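See structure below.
The values are calculated or read from the model by the stated rules, or taken from the named source; none is laboratory data. Please read all numbers here as calculations on a predicted model, not as lab measurements. When we count neighbours, we look across all protein chains shown, and the Cβ atoms used for this are built from the backbone with ideal geometry, even at glycine. Protein only, heavy atoms only, side chains kept; ligands, DNA and RNA dropped before computing areas. Shrake-Rupley method; radii C 1.70, N 1.55, O 1.52, S 1.80 Å.
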Amino acid sequence: MFQDLIYKYKVAPVPSPKDNQIQMLMNGQVAMIAAGKWPFGTYDKNHFANIDVQFLPTFKTSKVIFGSGAFPVLKSTKYPEAAYQLSAFLSGVYSQKTTLSNTSIPTRISVMNEVLPKTPASNWKVYAESADVAKAVEAPMQYGEIQGVFDRHVSEILSNQSDAATAMKKAKQEIDAILKK
């Protein structure tokens with residue numbers, strides 16, 4: 001779809017590694033970007049409110065990925081009580097309302113329903129509705145290496161050096177080999 005937006009329909013720029021798509025959106029150089037909640041901190045700092053959110057187009061199934069912040073206490077800590085207290089605080093309502101809510105979707109529904117309507121996005125309920133079709137980001141130990149493979153093949157697609165099916169087939173082969181190590 002992204003390749004077609006660039007080369008078939010000619011409605012998206014060819015991305016460059018130097019591009020700052022959030023800044024390009026705020027400057028009016030592009031009309032939309034594919035992003036999660038994280039740009040809202042930048043929008044807020046720049047008093048940019050001409051923004052809304054929507055699901056990406058669906059082909060066969062609608063899926064979104066999500067990651068969740070966690071504040072674990074390691075078994076090996078020398079200060080288990082203090083570590084627990086910090087973890088509990090960072091996972092609590094106050095922290096989700098203040099520290100995390102500008103760039104993240106709060107995991108507590110009560111906090112989400114309080115925080116998200118305050119964003120400039122009138123369609124903020126997309127974030128809540130996405131939970132029904134969300135899949136956790138898989139992050140194996142080899143994630144950094146896998147991301148490099150994936151990014152390289154996506155770059156081939158977006159620079160029109162390969163069609164998406166071929167590039168993703170090659171990426172899958174390389175990623176499967178990495179995971180077998």
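The conditions are (1) surrounded by 12 or more Cβ atoms within 10 Å (Cβ to Cβ); (2) among the hydrophobic types (A, V, I, L, M, F, W, C); (3) without any contact (Cβ under 8 Å) to a residue 60 or more places away in the chain, and residue 38 fails exactly one of them. Which is it?
Exception for residue 38: condition (3).
Just one of the numbered conditions (1) at pLDDT 90 or above; (2) surrounded by 14 or more Cβ atoms within 10 Å (Cβ to Cβ) is not true of residue 177; which one?
Unmet for residue 177, out of (1) at pLDDT 90 or above; (2) surrounded by 14 or more Cβ atoms within 10 Å (Cβ to Cβ): (2).
If you scan segment 134-181, which residues turn out to be in contact (Cβ under 8 Å) with a residue 24 or more places away in the chain and among the acidic types (Asp, Glu)?
145, 163, 174
If you go through segment 3-21, how many residues are in contact with a helix residue (DSSP H, G or I) (Cβ under 7 Å, 6 or more places away or on another chain) and open to solvent by 100 Å² or more (accessible area, probe 1.4 Å)?
Final tally of qualifying residues: 1.
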